[in-house]
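*Asks:* Just passing along the structure, written as structure tokens.
Please treat every number below as a calculation from the coordinates, not as lab data. All values derive from a computational prediction rather than experimental measurement. Every residue, glycine among them, receives a Cβ derived from its backbone with ideal geometry; neighbour counts consider all protein chains shown.
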Amino acid sequence: MRYVDMEQVEPGHILGKTIYAVNGTVLLSANVQLTVFMISTLKRIGVTSVYIKDASMPQVEEQEEILSEETKVAIIRQMAESMDAIRSGKDLNSRSISLAIEDLLYDVMNNREVLVHLNDIRTKDNAMYIHAMNVCMVSALLGVGLYFNQVQLKELAIGALLHDVGKAAAEAGADDPEPKTHTWRGFELLKAKREFSLLIAHVAFQHHEHVDGNGAPRGLNRDQIHLYSRIVAVANTYDNLLQRGGADGSPLLPHEACERMMAMSGTKLDHEVLTQFMRIVSIYPNGISVRLTTKETGIVVGQHRGLPSRPIVRVLERESNDSVGSREIDLAKHTTVFIEQVLG
């Protein structure tokens, strides 16, 4: 499976990953053969890249997903309904949010050993909702790794899912003579929900604070920022870097985003949370082509929990009869071999 720019997609290509509509329903399912009309529609709704199944590539087992398709649909739909409610001045449905979070936490607990790989395709309309889902899922996994209890996990997950609700509140209050940042608006909106812990509101308030005190909106330092908010800051930063972390606003590859985040350790991001994050993220996802320090090229085909920089690489070799064979190099065992470059 290859991640390709929409301009390189041609009729007849097989879609590798399901694409969701803004209301959480499936827009196009994986394994669909793309037509001229489908490609034109995807471009029109703002899809810039997709996953394509490539018959010319060696068969690679797809990386496990943490969330089921049913959970993804429910979370995206819930976020769409919640944001629409805020924009129209209606109340959030805290019960339906809570139920959606319980389903997400069920998946997270059952798949806690699966490494994070954020690969859902975004459109102009669903990007905010997929971002919220990703931040929620990564935050919950971090909470599990930090031994949170069920009450803490649920508070953290709700806060993470709703961390940007202030953006919808800002749209609703566009004529407000005293505009406030989305963090302030989100805090005021969520603290008014009696069903939610005040800590949930503080996630919306503090997720742009930096541990060195140079963040916003209040310039809090590490000891003043709640742990939930420090966790969400890491998850939020990672997903944002994957989408627009380049100097020109282009996406970063996972290993590039992780390198950028490590440079933020102790300044923008909490070092302990970041250390835990590096244990659960897939730095080199399955299917990505790499060159090793042995100068061999291959494709990542497997992962190791806790050793994200040491995946299993399948190296292709031309045999004496001109046929192509392969062998696998487990970088967790071959400790003197490293990934030198990501090729695509």
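*Asks:* For the range 128-277, I need the span (max minus min coordinate) of the C-alpha atoms along each principal axis, in Å, sorted largest to smallest.
*Replies:* For the range 128-277, the Cα spread along each principal axis is 41, 40, 29 Å.
*Asks:* Additional query: Give me Thr336, Thr267 ranked fewest to most by other Cβ atoms within 10 Å of their Cβ, as a rough exposure proxy.
*Replies:* Ordered from fewest to most neighbouring Cβ atoms within 10 Å, Thr336, Thr267 come out as Thr336, Thr267.
*Asks:* Oh, and also: Among 278-288, 77-87, what's the highest-first ranking by average C-beta atoms within 10 angstrom per residue?
*Replies:* Top to bottom by mean Cβ count within 10 Å: 278-288, 77-87.
*Asks:* Cα-Cα over 30 Å: which of Lys72/Lys191; Lys43/Lys154; Lys191/Lys268?
*Replies:* Lys43/Lys154
*Asks:* Based on other C-beta atoms within 10 Å, arrange Met264, Met137, Met6 from fewest to most. If you can, show how the numbers build up before the last one.
*Replies:* Numbers: Met264 19, Met137 27, Met6 14.
Ascending number of Cβ neighbours within 10 Å: Met6, Met264, Met137.
*Asks:* Equivalent ellipsoid semi-axes for the range 214-257, as square roots of 5 times the alpha carbon gyration tensor eigenvalues: give them largest first, rounded to whole Å.
*Replies:* 25, 12, 7
*Asks:* Now for a separate question. Taking other Cβ within 10 Å of each residue's Cβ, how do Lys268, Lys53, Lys72 sort, fewest first?
*Replies:* Fewest to most other Cβ atoms nearby, the residues stand as Lys53, Lys268, Lys72.
*Asks:* Continuing with the same structure: Please report the base-10 log of the normalised intensity I(q)/I(0) for the range 2-53, using a Debye sum with one equal scatterer per alpha carbon and no solvent, at each q in 0.25 (1/Å).
*Replies:* Each listed q corresponds, in turn, to -0.98.
*Asks:* Run lengths n ≥ 4 of DSSP H only: what is the helix-derived mean residue ellipticity at 222 nm for the chain, with -39500 (n - 2.57) per run over all residues, to the nearest 500?
*Replies:* -13000 deg cm²/dmol, from helical runs alone.
*Asks:* Also, quick follow-up: I'd like to verify something in the chain: which complete DSSP H helices, judged by Cα projection on the helix axis, reach 20 Å or more and average at least -0.5 on the Kyte-Doolittle scale?
*Replies:* Within the chain the helices that satisfy the rule are 69-87, 94-110, 127-145, 227-244.
*Asks:* Right, here's the next one. With the radius of gyration and the Kirkwood radius both derived from the Cα set of the range 289-342, what is their ratio Rg to Rh? Provide the component values of the computation, followed by the final result.
*Replies:* Details: Rg = 11.5 Å, Rh = 11.5 Å.
Radius of gyration over Kirkwood radius for the range 289-342 works out to 1.00.
*Asks:* Among DSSP bridges having both ends in the chain, what percentage is antiparallel? Round to the nearest 5.
*Replies:* Numbers: 27 of 30 bridges.
That works out to approximately 90 percent antiparallel.
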